[in-house]
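The values are calculated or read from the model by the stated rules, or taken from the named source; none is laboratory data. Just so you know, these numbers come straight off a predicted model, no measurement behind them. Here the Cβ positions follow ideal geometry from the backbone for every residue, glycine too, while neighbour counts run over all protein chains shown. Just the protein is used for accessible areas: all its heavy atoms, side chains included, with ligands, DNA and RNA removed. Shrake-Rupley method; radii C 1.70, N 1.55, O 1.52, S 1.80 Å.
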Amino acid sequence: MWLHRAMHAGFYVLLTASAARYVAYHGVAPAVLVLAAVLGAAYPFGVRWTAALPGVLALWLALVWLAPSFGWCAIPLFFQCLRQLRPRVAVPLAAVLTAAVVLAQVRLADAVEPSLVLGPVGVAVITAAVFFDRRRLLHQAGVLEERQRLAREIHDTLAQGLSSITLLLELGDTDRAREVAKDNLAEARRFVRDLSPLQGRTLTDALRALCDRLEVEGEPYPLPVPVEVALLRVAQGALANVREHADATTAVITLTYLGDAVTLDVCDDGRGFDPAAVRPEPGRGYGLAAIRDRVAELGGTVTVESTPGEGTALAVSVPTP
């Protein structure tokens, strides 16, 4: 992430600036410069392996003891402690780093004044506050993304299956309703275990199980699993909309393999609608939005063409590697 890269670059800028400052005021001191070089070489290992981080901190503390001007490097190290260690370890360790900076400031100053203490403490508090607030926001974003994923999966599996069962029961087809209920239960179990709905089938076979009218154009080639799953879920969602809203007699799925993309078209001869006039009702209208969200995550596009009385065509295009 850009923040991590910025902190790593900042560490080396501060390390170089500290070395230049030391040489400018004290001349060349081999021990200090060698220790600074060792710290610079060890820093990537501390970033990559948490077990190496204490060694990097020990090198920095030794360097600050010899040359207080290297206290400037504390902020990137402070950030690494917060990022790599648990709070109960990172916070006390960050306090040690802050204390080392304060002592370094005092050693460089001609007279002790409150700003020498309050300045490093203030910077440490602000850094910690920004870091933990950013972590909180990332956690919230992750929770929201997971909720959206769950909502799509529930809509594409459980809700559609229950809708089909209800329609079949209303028609008196209890045998078919029982079969759909078993399939829906199996789908729910796969969903809970986060298994692929394809379950070893090809995308073509999975789509043909949804709709007898399947047309495949172009020469099929292997697709990434997320693309196959997304296309299957799109087809499930589109057909669920056809069953529930379109009052159609025929629905056709067309899967087309292009050189740099794969497209999925679901067309029906139902009553159609005006896409611009659609206003989701409370608790409804999530299907098309779920399709758009799912396809957008793969960098694809969704187009809906429909006119009242003339059926509907849903076209999805997803780029392929």
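Some observations on this one:
- Residues that are among the aromatic types (Phe, Trp, Tyr) and over 20 Å from Val125 (Cβ atoms), drawn from the stretch 61-89: Trp65, Phe70
- Filter result (open to solvent by less than 60 Å² (accessible area, probe 1.4 Å), more than 13 Å from His8 (Cβ to Cβ) and among the small types (Gly, Ala, Ser)) within the stretch 43-60: Ala52, Gly55, Ala58
- Filtering the stretch 97-128 to residues that are out of contact with any Leu (no Cβ under 8 Å at 6 or more places or on another chain) and either polar (S, T, N, Q) or open to solvent by 70 Å² or more (accessible area, probe 1.4 Å) (or both) leaves Thr98, Leu103, Arg107, Leu108, Asp110, Val112, Glu113, Pro114, Ser115, Leu118, Val125, Ile126.
- Complete set of residues in the stretch 24-37 that are modelled with pLDDT of 90 or more and surrounded by fewer than 14 Cβ atoms within 10 Å (Cβ to Cβ): Val34, Ala37
- Which listed residue, of Val302, Val316, Val216, is within 22 Å of the chain's Cα centre (by Cα), modelled with pLDDT of 90 or more, farther than 26 Å from Leu171 by Cα and in a strand (DSSP E or B): Val302
- Members of the stretch 226-253 found to be surrounded by fewer than 17 Cβ atoms within 10 Å (Cβ to Cβ) and either under 13 Å from Leu214 (Cβ atoms) or modelled with pLDDT of 90 or more (or both), listed by number: Thr250, Val252
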